[in-house]
Each structure stands twice: as structure tokens, then as C-alpha cells.
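Right, one structure below, let's go through it.
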Amino acid sequence: MHGLSKHRGSPPTVVIIFGASGDLTARKLIPAIYNLAHDGLLPADFYLIGFGRKSIPDEEFQKIAAGAIKEFSRREMSPEVWARLAPRTLYVSGGYDEKAAFDRLGARIAGLEKEIGQQLQTLYYISTPPTVFAPIIQNLGASGLAARYVGQRNQSKCIIEKPFGRDLASAQALNKELTTVFEESQVFRIDHYLGKETVQDLLVQRFANSIFEPIWNRNFIEHVQITVAEQVGVEARAGYYEQSGALRDMIQNHTMQLLALTAMEPPVSMDAESMRDEKVKVLKAIHPLRLNEDGRPGDVARAQYAEGLIGGKPVQGYLQEEGVNPQSTTETYAALRLSINNWRWQGVPFYLRSGKHMARRVSEIAIRFKRAPGSLFAESDRFQLAANTLAFQIQPDEGLSLILNAKIPGLETRTQPVKMNFKYATTFGSNTPEAYERLVLDAMIGDGTLFIRGDETERSWQLITPIHEHWAEQGRKGLDSYVSGSWGPKSADDLLAVNGHSWREP
């Protein structure tokens, strides 16, 4: 390897991926590690070990990894870089509930340390179905792998993929399982949205530009909308999605994280605990949601997509999808109206929505400012006015935009809204690092800023779990529908209409 020449230093490291034959490993993790190697951001002594049930020789795993890099990496494969990384790409087979396999893994790591004559930091990446999280964690503890060099710079670490629990009780149980084996400082609960450039840029825009922070409050902001929309349906994931739904799949993690970063107070420093302390404070300040009962409107809407058009092509409804129960109550769309009870945000509604088969794929945070007093430019044929809106687009075209009102050129004063755009691809080039590159690198160097703390995930579930329990009691009662290719159901529009607001079309 070139060594760490362009970033904060990492000790010699071996990354062990549990679930090495999975889709996430091929599409994201192996390409991310390759790109870090390409950019000289891995330590000189670096190894990658895949761990899975299937018995695979090292040479075959190296071929699988090379294929993943060629297909999914943002960079073309360099023979020179791969020639250095390939011999250090290894494989250990065994069952996740088989302690002997973890002992073999430990022996393999010890052999590498003997070979290079120094200690290796071990980073365990648990990229498996949640059903095997527990046996992996237990065997990392029983084999002694979790306790390697604890308290030292090269202590072992564990990255755990979402979903982190299904409800509050299961999240608490998983946290207990983890902290029985690992210290909290060793655990990195991942949400890949936090690794996206625009999400990180949100903090820069807020706290590095003095024009924003003085107006980032209830005195100037009317409301906030956070949208995570997908154009695809459930595709081949009906088995998973039937057990998940939009609220678990997107709202509880990605969307709530975006809300926390948008609403948090300025941290005292950029260290991980200061940042995460402020996010937890926001989540604790959210008022419990009102649920629709006895015909009274609440703060939550849910729906399933019906047949419609996506990209001009007809698509079927959710209940007609292969693998979906025809009587399913699983929501493919969820929307929330939240109130944050603190000094900064009192009276400012936060609207969150996420759904499948929507008009287009987009994730954005839109800050809607209060309208200027209309005494000078009253809305009319001459004066077309819009509320100033600052929108952070997280995907697919990362950037931000600001809607302003401007004078139309001419001899009389006429106005219309205009948009100022900043795009990452235009300004900095299109080869932006993938979120997983940043997150894997941060975990290697022990920076937990962009990861979720245990109390943070439990607080998020504390807000969401009562909704699931209420929906389970209601069955299909109150379950709305929306046309595929639209922006969602009427019940979601009603959440905003009660305050005189409407959803923005991204």
C-alpha cells in the first residue's frame, strides 16, 4: 500500500467482513476498500478477510473481489493497486454459531501478526441478516476476538449494519448483547446516509456560514420537510419488506438522522461525543406523536402503492407483488408530523415522508422560511412570490439550492421566483467518494462522529415503536393507498394542510 498520506492515521488493520458473499459486500464494501487503497488511505499493513459459511479458497475469493471492483467501483481497476491488495485479501469459512470457526479466524489473524512482526487492529464488519447478529457477537466474545487490545489505539472494533432492532425492546436487547462483549467505544452502528457528502455539508453550511445560523430558528423558519423517496417498488425483497415497511426501513433510521442533524444545537467541538450528544438532545425533545384514534386526525399517515405508471410504464400495486400477502398491512409509504419542544424549534413543524414507487428517486431536506411581509410586494399578476426555501439534495444529484424572489428584466417592476443551484458534480467533479468509503475509514481510525450511539438508536425506537403497536391493533383500518408514480396519499397531504402547508415537489 502507499500508506496513509492524505488522511488521519490508522494503525495496521485487518477488516473482517461477516456476510462476505452478500450483496452489500460486493456492491459497496469491497469497492470502498479498493478505492481507499487506490487513494493511498489504507495503512501499509492492511488485510481483508471474508468470513462466511461457504468454503472458498483465498484465490477464489480474490477473483470474486476483483469482479466486484470491476463492476461496482467508482474507479477503474488499476492492476498496480490490485496487485498489492489481492494477496492480502483472504477468506475463512465457518458457521456464525460455530466457535471453532472463530478460533480459526483468530489463528489466521495471529499468523498475519507474526508474519509482519506487529499487532493488527481488527475491524469486524457484521453485514449479515439480523437473525445472526447475536451468534456472531457472542462468538466474538467467547473466542477473545472482541477483547483484542482493548483500551489501546489498535483495539478491536465492530461495525454493525442496519436494521438495528425491529422495535424498542429488540434494540435494547441488541445493545445489551453488544455491550456485554464490546465497550461502547468499540461499537460503530452504521447508517450510510451519514457518510453522504451533502449530509456532512449540512453541518458545514449551518456552522461555517454566519448568514444561516442567526436565522436557523422558529423566528424565521416556517417548517421543515424531509423526503426520502424511491422510484422502485419492493422488487425481489418482498420477504424482507413484509417484515419491515417504510417506517422501519427508512423513517426510523435515515430520516430521523437527517432530522437530528438539521435541528441539533451547535456542538462544543467536532469530536464524536459532542456531536452525538446534541443529536440525542433533539430526539429527546420530540413530542410524542398523536395517533389517529376514534376518527380524530393524528400526526402519522401510512399507505400502500396501487397500480400506476413509473417512467411511463405500467406497474402493479403492492398487494399484487410476488411474495406479498394479499391482505398485507405493511406500509410502503409513511409520513410524520413532528414537534420539537425546545427554545429553537417551538412551533415549527417537521414533516417527514418516505415511500416506494414514488414520482422519482430523491432524498432532500427542505428548509421553508417565513414569507416576507406583503405590504410592499403583495401577491398579484405583477408579483409572483414564493417562500424562500433552502434545499439540501442528498441523492441522486448531490448539492443544494436556494429559492429567491427576483425582478424580471423590463421597464416595470415584475417579480418571479428563481433558483440558485450548487451541485457537487459541477463544482468538484463527479467522482465523489462513496459513503461507505468515509465510514469504513472513520471506523478504522476510531472516529464515531458519523455513527449512531446506543442511546440514540433506543430513543429513535422509543418514538417509532408506539406507531407500530397502534398499526398492529388497527389492521387495515386507516391504511391509505396512492397511485404509483405519484408523490403519496391524500392522508399525507392532510398532515400539512391542517397548518396551511403543502408538500414540496422536489
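The values are calculated or read from the model by the stated rules, or taken from the named source; none is laboratory data. Remember, it's a predicted structure, so these values are computed and weren't measured experimentally. No Cβ is skipped: glycine too gets one built from the backbone with ideal geometry, and neighbour counts run over all protein chains shown.
Got a sec? Which of ALA229, ALA246, ALA238 is buried (at least 21 other Cβ atoms within 10 Å of the Cβ), under 22 Å from GLY485 (Cβ atoms) and touching an Asp or Glu at 6+ places or on another chain (Cβ under 7 Å)?
Result: ALA246 is the single residue among ALA229, ALA246, ALA238 that is buried (at least 21 other Cβ atoms within 10 Å of the Cβ), under 22 Å from GLY485 (Cβ atoms) and touching an Asp or Glu at 6+ places or on another chain (Cβ under 7 Å).
Can you tell me which residue among ALA335, ALA386 is assigned by TED's automatic domain parsing to the domain that holds MET256 and either surrounded by 21 or more Cβ atoms within 10 Å (Cβ to Cβ) or more than 29 Å from ASP299 (Cβ to Cβ) (or both)?
Selected residue: ALA335, the only one of ALA335, ALA386 that is assigned by TED's automatic domain parsing to the domain that holds MET256 and either surrounded by 21 or more Cβ atoms within 10 Å (Cβ to Cβ) or more than 29 Å from ASP299 (Cβ to Cβ) (or both).
Could you check how many residues of the range 417-427 are surrounded by 13 or more Cβ atoms within 10 Å (Cβ to Cβ) and either over 26 Å from the mean Cα position of the chain (by Cα) or farther than 25 Å from ARG368 by Cα (or both)?
Initial filter on the range 417-427 (surrounded by 13 or more Cβ atoms within 10 Å (Cβ to Cβ)): 417-418, 422-424.
Going one step further and asking which of them are either over 26 Å from the mean Cα position of the chain (by Cα) or farther than 25 Å from ARG368 by Cα (or both), we end up with 417-418.
Result for the range 417-427: 2.
Might you check whether a residue that is in the same structural domain as SER328 (by TED's automatic domain parsing), at pLDDT 95 or above, on the phi < 0 side of the Ramachandran plot and among the hydroxyl-bearing types (Ser, Thr, Tyr) occurs anywhere in the range 220-232?
Yes, the range 220-232 contains at least one residue that is in the same structural domain as SER328 (by TED's automatic domain parsing), at pLDDT 95 or above, on the phi < 0 side of the Ramachandran plot and among the hydroxyl-bearing types (Ser, Thr, Tyr).
If you check every pair at least six apart or on different chains, which have Cβ atoms under 6 Å apart with a residue in the range 236-258 that is more than 21 Å from ILE365 (Cβ to Cβ) first and a residue that is not acidic (Asp, Glu) second?
Note: pairs meeting the criteria are ALA238/GLY323; ALA238/VAL324; GLY239/GLY323; TYR241/VAL234; GLU242/THR330; GLY245/THR330.
Yes/no matrix, rows are residues, columns are (1) among the basic types (Lys, Arg); (2) surrounded by 18 or more Cβ atoms within 10 Å (Cβ to Cβ); (3) more than 26 Å from the chain's Cα centre (by Cα):
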{"position": "GLY446", "(1), (2), (3)": "no, yes, no"}
{"position": "ARG453", "(1), (2), (3)": "yes, yes, no"}
{"position": "GLU456", "(1), (2), (3)": "no, yes, no"}
{"position": "PRO466", "(1), (2), (3)": "no, no, no"}
{"position": "HIS470", "(1), (2), (3)": "no, no, no"}
{"position": "ARG476", "(1), (2), (3)": "yes, no, yes"}
{"position": "SER484", "(1), (2), (3)": "no, yes, no"}
{"position": "TRP487", "(1), (2), (3)": "no, yes, no"}
{"position": "VAL498", "(1), (2), (3)": "no, no, yes"}
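Filter the range 160-210 down to the residues that are in contact (Cβ under 8 Å) with a residue 60 or more places away in the chain and among the acidic types (Asp, Glu), then identify the one that is surrounded by the fewest Cβ atoms within 10 Å (Cβ to Cβ).
So, considering only residues that are in contact (Cβ under 8 Å) with a residue 60 or more places away in the chain and among the acidic types (Asp, Glu), the one surrounded by the fewest Cβ atoms within 10 Å (Cβ to Cβ) is GLU184.
Pick from ARG276, ARG302, ARG290: which is in the same structural domain as PHE369 (by TED's automatic domain parsing), under 27 Å from the mean Cα position of the chain (by Cα) and farther than 25 Å from HIS501 by Cβ?
ARG276
What helices (runs of 4 or more DSSP H) lie completely within the range 1-108 and have 3 or more residues being in contact with a Lys or Arg (Cβ under 9 Å, 6 or more places away or on another chain) and assigned by TED's automatic domain parsing to the domain that holds THR128?
Working: elements: 30-38, 58-72, 79-85.
Output list reads 30-38, 58-72.
Yes/no matrix, rows are residues, columns are (1) part of a helix (DSSP H, G or I); (2) touching a strand residue (DSSP E or B) at 6+ places or on another chain (Cβ under 6 Å):
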position: THR198; (1), (2): yes, yes
position: LEU203; (1), (2): yes, no
position: ARG206; (1), (2): yes, no
position: ILE226; (1), (2): no, yes
position: GLN252; (1), (2): yes, no
position: LEU258; (1), (2): yes, yes
position: GLU273; (1), (2): yes, no
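When you scan the range 154-185, how many residues do you find that are part of a helix (DSSP H, G or I) and either farther than 30 Å from PRO11 by Cβ or not basic (Lys, Arg) (or both)?
Residues in the range 154-185 being part of a helix (DSSP H, G or I) and either farther than 30 Å from PRO11 by Cβ or not basic (Lys, Arg) (or both): 15 in total.
What are the pairs with Cβ atoms under 9 angstrom where one residue, in the range 485-501, is modelled with pLDDT under 95 and the other, located anywhere, is part of a loop (DSSP other than H, G, I, E, B) and among the aliphatic types (A, V, I, L, M)? Sequence gap at least six, or different chains.
Hits for this filter: zero, empty list.
What's the number of the condition GLN138 fails, among (1) among the polar types (S, T, N, Q); (2) within 22 Å of GLU458 (Cβ to Cβ); (3) touching a residue at least 60 places away in the same chain (Cβ under 8 Å)?
So the condition that GLN138 fails would be (3).
Do you know which residues across the range 319-330 are out of contact with any Asp or Glu (no Cβ under 9 Å at 6 or more places or on another chain) and of a type in the set (D, E, K, R)?
Passing the criteria: only GLU322.
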